[in-house]
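A short write-up of the structure that comes next.
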Amino acid sequence: MRKLVYFVGMSIDGYIAGPGGEIDFYPLPDDMLEWIKFDYPETLPTHARPHLGLAVDAPNQAFDTLVMGRGTYEPALAINVTNPYAHLREYVVSKTMGLVEDPVKLVRELKQEDTGKDIWLAGGGKLAASLLPEIDELVVKSYPVVAGTGIPGFAGEFSPTLFTPTARREFSNGATVTWFTR
């Protein structure tokens, strides 16, 4: 069965973006970018790949499907990119845009597919909270910065959910990636 993986960047204080959706304050060292390009190239937007030294058609390593909230999708729309991850099957969850309205049903259907790679949950915090019962794995890129406020990694009801750390990697500027499984 396919897994739902919340692959996300987060500040020390648990924010995935600033209050206006900003992510440019995360310090991304070269060694971390190289790791992403090698292990998780599909998490880099199609239109940004040439600027990052990655082929547009670089093969997907971990994911072939993406589920994201409207807030995660909006930055692409702001620059007139309607299909930011053209190399993946994309699903945008939004009640106001008339797109996917029941993310739990969608994820359950995707997980039941016989073939395919894992499903990447890209954010945002409200969507992650609503899908928490379906999340099988977390891959948390933790950046050495305090945001102070913004969009939390999980913006929902109090729902303690245990995950087990299974691996950890550190990068040159102190950023870490930790893998957790349910």
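The values are calculated or read from the model by the stated rules, or taken from the named source; none is laboratory data. These numbers come from a predicted model, not from an experiment. No Cβ is skipped: glycine too gets one built from the backbone with ideal geometry, and neighbour counts run over all protein chains shown.
Quick grid of which residues meet (1) modelled with pLDDT of 95 or more; (2) more than 24 Å from A48 (Cα to Cα):
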site	(1), (2)
L99	no, yes
K111	yes, yes
S130	yes, yes
D136	yes, yes
S142	yes, no
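In region 64-84, the residue that is nearest to L127 (Cα to Cα) out of those that are of a type in the set (S, T, Y) and not in a helix (DSSP H, G or I) is T65. Taken over region 7-60, the criterion of being out of contact with any helix residue (DSSP H, G or I) (no Cβ under 9 Å at 6 or more places or on another chain) and among the β-branched types (V, I, T) is satisfied by I12, T46.
Residues in region 113-129 that are of a type in the set (D, E, K, R) and within 28 Å of G20 (Cβ to Cβ): K126 alone.
Scanning region 85-97 for residues that are in a loop (DSSP other than H, G, I, E, B) and at pLDDT 90 or above, we see that the one that is nearest to K3 (Cα to Cα) is L88. Remark: pairs (first residue in region 40-64, on the phi > 0 side of the Ramachandran plot and modelled with pLDDT under 95; second residue in a helix (DSSP H, G or I) and buried (at least 16 other Cβ atoms within 10 Å of the Cβ); Cβ separation under 9 Å; 6+ apart in sequence or on different chains) = G53/K37. Scanning region 16-42 for residues that are under 16 Å from L121 (Cα atoms) and in contact with a strand residue (DSSP E or B) (Cβ under 6 Å, 6 or more places away or on another chain), we see that the one that is surrounded by the most Cβ atoms within 10 Å (Cβ to Cβ) is I16.
Checking each residue in region 95-114 for being within 18 Å of the chain's Cα centre (by Cα) and among the β-branched types (V, I, T) picks out V100, V104, V107. Mind checking whether some residue in region 111-124 is loosely packed, with under 13 Cβ neighbours inside 10 Å and of a type in the set (V, I, T)? Within region 111-124, one or more residues are loosely packed, with under 13 Cβ neighbours inside 10 Å and of a type in the set (V, I, T).
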